[in-house]
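Working notes for the structure below.
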Amino acid sequence: MAKKSTKSKCDATPVKLKPDPTAEDFAKLAWAIAHPARVQIVRFLIRRDACMCGEIVAQLPLAQSTVSQHLKILKESGLIQGEVDGPRVCYCINENRLKQLKMFVSQL
């Protein structure tokens, strides 16, 4: 009995990539959500108008310093915004950047 090949054949047709002015921005946003804790933070903030860092820390099994580092990465990507409120920082989703991320993913 002949053994069937389980490998699918890949298309080896040469392709030339076109310059993509959005690739760097897309990569920056993708990297920002490339960690499970950051995905959870984004999902939490999507459901809220805004919240303090302490509220976010209470939602995760991580140290406050670790959550702060994740928030810093998300903020640097522009996906979230932080506003100083006395000794605390109030965070919220940047709706425009979230829409941009969704658009980038939908165009893959």
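The values are calculated or read from the model by the stated rules, or taken from the named source; none is laboratory data. Predicted, not measured: the structure shown is a model, and the values here were computed from it. Note that each Cβ is placed from the backbone with ideal geometry, even for glycine, and that neighbours are counted across all protein chains shown. These area figures cover heavy atoms from the full protein model, side chains too; ligands, DNA and RNA do not enter into them. Shrake-Rupley method; radii C 1.70, N 1.55, O 1.52, S 1.80 Å.
Note that region 28-42 has calculated 3J(HN,Hα) couplings of 4, 5, 4, 5, 4, 9, 7, 10, x, 5, 5, 4, 5, 4, 4 Hz, one per residue in order, obtained from phi through the Karplus relation 6.51 cos²θ - 1.76 cosθ + 1.60 (θ = phi - 60°); glycine and proline are x.
In the chain, if the dipole is taken from +1 on Lys/Arg beta carbons and -1 on Asp/Glu beta carbons about the Cα centre, which of Ala63, Cys10, Phe44 is farthest to the positive end? Farthest towards the positive pole: Cys10.
The HN-Hα couplings worked out from phi for region 57-69 by the Karplus form 6.51 cos²θ - 1.76 cosθ + 1.60 (θ = phi - 60°) are 4, 5, 8, 10, x, 10, 5, 4, 5, 5, 4, 4, 5 Hz, whole numbers, x standing for Gly and Pro. For the chain, the normalised intensity computed at q = 0.10 Å⁻¹ comes to -0.41 (log10 of I(q)/I(0), Debye sum over alpha carbons, equal scatterers, no solvent).
How large is the accessible surface per residue of the chain, computed with a 1.4 Å probe and reported in Å² as a whole number?
Details: 8280 Å² over 108 residues.
It amounts to 77 Å² per residue over the chain.
Around the amide H of Asn94, modelled in the peptide plane, lie the amide H atoms of Ile80, Gln81, all under 5 Å away and 5 or more residues distant in sequence or on another chain. Among rounded, prolate and oblate, which fits region 42-93 when a ≥ b ≥ c are the square roots of the eigenvalues of its C-alpha gyration tensor, a/c under 1.5 means rounded, and a/b larger than b/c means prolate? Verdict is rounded for region 42-93. For Thr22, the accessible area of its heavy atoms, probed at 1.4 Å with every protein chain present, is near 60 square angstrom.
Once both labels are positioned 7 Å from their Cα atoms along Cα-to-Cβ, the gap between Gln69 and His35 label points is 0.6 nm. Take the Cβ atoms of Gln59 and Lys18, set R0 to 35 Å, and the FRET efficiency comes out at 0.25. Our summary gives the chain a relative contact order of 26 percent, counting only alpha carbon pairs under 8 angstrom and 6 or more residues apart.
Charges only on Cβ, +1 for Lys and Arg, -1 for Asp and Glu: so what's the dipole of the chain about the Cα centre, in debye to the nearest 20?
On the way: 17 positive and 10 negative charges, 161 e Å.
It works out to roughly 780 debye.
Counting protein heavy atoms only, the chain has 56 percent of its accessible area on carbon and sulfur, 1.4 angstrom probe.
Looking at the square roots a ≥ b ≥ c of the eigenvalues of the Cα gyration tensor of region 8-56, which shape do they give, rounded for a/c under 1.5, prolate if a/b is larger than b/c, or oblate? Verdict is prolate for region 8-56.
The longest part of the chain holding none of the exposed loop trypsin sites (Lys or Arg not before Pro), meaning those outside H, G, I, E and B in DSSP with at most 10 other Cβ atoms within 10 Å, is 48-108.
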